[in-house]
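Participant: Sending over a structure as structure tokens; questions will come in a sec.
Please treat every number below as a calculation from the coordinates, not as lab data. Given the structure is predicted, the values throughout are model-derived calculations rather than measurements. Every residue, glycine among them, receives a Cβ derived from its backbone with ideal geometry; neighbour counts consider all protein chains shown.
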Amino acid sequence: MPISAKIRMMLDIAMTVATLVLMGGNYFFESTAVHEILGVILLVLWAVHITLNRRFFLSLFKGRYNVFRILQAVVNCGILLCAFFLMVSGIMLSNHVFAWLGIESGASFARTAHLLASHWYYVFMSLHIGLHVSLIANRLGLAGAFKSKAALVATRVVAVLVAGYGIYAFAIRGLWKYLFLQQPFFFFDAERGYALFFADYIAIVVLFAVAVHYVAKLMKA
């Protein structure tokens, strides 16, 4: 794998891990400062990611659009929009990193915007991963393994099973409530623990990634 591809892969992994940790709100750490610092790090990583993939955004208004390209544009622009609102609301709510700005108004709007944007960002990120499954497999050197019919079938079965659990996790975690503002605050289910939190949220990523991967295949057919 070329060095540039390795850097991109490490960047994508770091962004995904940071997102999963940040989805736990302030419940993983004693100080909210850690959540804020991780948020800033994710923002910086996004700036690097956009710079590395600037050709996509520069070509948004060029060429013809088919159904797949429209889907790709909606997902990528959705991520960008959510990242913007996360940045603005995060700065407004900051009690540590950006406290020096002295922002005292708009807290109610910022909390709602942060909750809404974070969960839509999570969904768009999952869809983004699904649109790049083949690329990820190539970068990890797994494309050759999928030439075996048995390996391909086994991978698909595992993906479907994890996605099936992701449906359950999506429901039990009540993510739809955050996506459509049916719940105005984030609830962390301490009884399910931290390990199950990550298992659930990873399964939800797989759910959306698998769904959009096969939708994209149909679009390209």
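Participant: Report relative contact order for the chain in percent, whole number only (criteria: Cα-Cα under 8 Å, sequence separation at least 6).
Facilitator: Relative contact order of the chain: 25 percent.
Participant: Here's another thing I want to ask about it. Comparing TYR121, TYR65, TYR27, which has the greatest mean-square fluctuation in the GNM of the chain with Cα pairs linked when under 10 Å apart?
Facilitator: TYR65
Participant: So which trypsin sites (Lys or Arg not before Pro) in the stretch 1-65 pass both tests, a DSSP loop state and at most 16 other Cβ atoms within 10 Å of the Cβ?
Facilitator: LYS62, ARG64
Participant: Provide MET125, MET9, MET92 in ascending order of the number of other Cβ atoms located within 10 Å of each residue's Cβ, fewest first.
Facilitator: Listing MET125, MET9, MET92 from fewest to most nearby Cβ atoms yields MET9, MET92, MET125.
Participant: For P(r) over Cα pairs in 5 Å bins from 0, in percent, one of [x] 1, 6, 11, 14, 16, 15, 12, 9, 6, 5, 3, 1, 1, 0, 0; [y] 1, 6, 12, 17, 19, 17, 13, 8, 4, 2, 1, 0; [z] 1, 8, 17, 21, 22, 16, 9, 4, 1, 0 was computed from the structure I shared and the rest are decoys. Which label?
Facilitator: Derived directly from the coordinates: [y].
Participant: Rounded to the nearest 500, what is the 222 nm mean residue ellipticity of the chain from helices alone, with -39500 (n - 2.57) per DSSP H run of 4+ residues and division by all residues?
Facilitator: Computed mean residue ellipticity for the chain: -25000 deg cm²/dmol.
Participant: With angles folded into 0 to 90 degrees, how steeply does helix 32-52 sit against the dominant principal axis of the chain? Use alpha carbons for both and round to 10.
Facilitator: Taking Cα atoms only, the helix is inclined about 40 degrees.
Participant: Please label the shape of the stretch 12-62 as rounded, prolate or oblate, based on the square roots a ≥ b ≥ c of the eigenvalues of the alpha-carbon gyration tensor (a/c under 1.5 means rounded; beyond that, a/b larger than b/c means prolate, else oblate).
Facilitator: Note, shape of the stretch 12-62 comes out prolate.
Participant: Now a separate question. Let me make sure I get this right: for the stretch 67-127, a, b and c are the square roots of the gyration tensor eigenvalues over alpha carbons, sorted descending. Under 1.5 in a/c it's rounded, otherwise prolate if a/b > b/c, else oblate. Which is it?
Facilitator: The shape class here is prolate.
Participant: A further question follows. Using 30 Å as the Cα-Cα cut-off, could you pick out the over-long pairs in LYS177/LYS220; LYS6/LYS177; LYS6/LYS217; LYS149/LYS220; LYS62/LYS220?
Facilitator: LYS177/LYS220; LYS6/LYS177
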